[in-house]
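*Asks:* Before anything else, here's the structure in question.
The values are calculated or read from the model by the stated rules, or taken from the named source; none is laboratory data. Computed from a predicted structure; not experimentally measured. Counting neighbours? That spans all protein chains shown, and the Cβs are built from the backbone with ideal geometry, glycine included.
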Amino acid sequence: MNGNDDLTKELVSQGIEAGLTPTEIINGMSPGAREAGRKFGTGEYFLPELMMAGEAMNAGVQLLIPYMTGDASPKSIGKIVIGSVEGDVHDIGKNIVAALLRADGFEVIDLGVDVTPDAFIETVKKEQPEILGLGSYMSTTLRGIEDTMDLLVKESLRDKVKVLMGGVAVFPQYVKRIGGDGYAEDADGAVQEARRLLGGE
Ligand code: B12
């Protein structure tokens, strides 16, 4: 929360040495990031403080990514295209989700941040994934999810791919309302939802 990368990295390393799982360590860090976001929302923090908190969280997550890759499984259990929607550069949570999905045996094509509906649709056409994962972290970028859903319908692809949605701006009722197939509040849940969607439910 205070944007101290050195202390974050030190504590993450201590967590790893103590045998905590990456998820346990992330669950320990997330309240700090959320609190920084809350303070930014109330005007107690300005953008530099928000950025420092984000960088500290990211520094900790980067140390954990190698521990999340698991044994590279020879055969993928399913393909997922994922990205943060248009206008959104938040990616710490998406990167965690992508890493855990890979660890679980999914082939993950990560399009990064600020991904336009066109870029999602082109990749779905080319890669034919079972699942499309859309991350939105601001109320203002939910529009990116809706535009991508509309384009999927327009391009007659809606019944060819399951759409999994998440990120702090997204809620289960919202996903239901706009016709998404799955929602998860955190990275563990994202893996479970992705497995459920593969099962064709
Ligand atoms: C760090 C941070 C930043 C960093 C981002 C660094 C990065 N590389 O991502 C920086 C400083 C760059 C940033 C910038 C901005 N930010 Co910001 N940011 C945050 C903050 C504090 C934490 C986000 C985070 O990393 N959390 C930790 C991760 C682990 O959690 P997570 O993202 O929720 O991800 C988990 C789940 O959601 C889920 N999940 C995530 N993705 C996906 C995807 C799928 C498919 C699924 C199934 C699940 C899933 O699993 C993850 C792991 O458990 C949030 C506050 C918050 N409450 O989220 C504000 C927040 C999101 N930011 C906000 C704002 C306003 C901004 C700025 C506009 C500020 C500005 N004036 O410039 C810019 C926007 C830039 C842009 N165009 O996108 C607001 C959004 C408010 C709104 N309108 O809805 C928030 C909520 C803060 C606030 N309270 O005001 N930000």
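*Asks:* In this structure, does L152 turn out to be out of contact with any Phe, Trp or Tyr (no Cβ under 6 Å at 6 or more places or on another chain) and within 17 Å of G78 (Cβ to Cβ)? Don't jump to the end; show me each part of the working.
*Replies:* Values: out of contact with any Phe, Trp or Tyr (no Cβ under 6 Å at 6 or more places or on another chain): yes; within 17 Å of G78 (Cβ to Cβ): no.
Considered against the rule, which asks whether it is out of contact with any Phe, Trp or Tyr (no Cβ under 6 Å at 6 or more places or on another chain) and within 17 Å of G78 (Cβ to Cβ), L152 comes out as no.
*Asks:* Within the range 5-71, considering only helices (runs of 4 or more DSSP H) that don't extend past its boundaries, which have at least 2 residues that are more than 12 Å from the ligand (Cβ to nearest atom)? I'd like the intermediate steps shown before the answer.
*Replies:* Details: elements: 5-17, 22-42, 47-68.
Answer list for the range 5-71: 5-17, 47-68.
*Asks:* Report, by residue number, each residue of the range 81-96 that is hydrophobic (A, V, I, L, M, F, W, C) and at pLDDT 95 or above. Write out each step before concluding.
*Replies:* Let us first name the residues in the range 81-96 that are hydrophobic (A, V, I, L, M, F, W, C), namely 81-82, 85, 89, 92, 96.
Result: V81, I82, V85, V89.
*Asks:* Can you run down the residue pairs with Cβ atoms below 6 Å, 6 or more apart or on separate chains, where the first is in the range 56-76 and outside the structural domain of M29 (by TED's automatic domain parsing) and the partner is assigned to a loop (DSSP other than H, G, I, E, B) and modelled with pLDDT of 80 or more?
*Replies:* S73/G105
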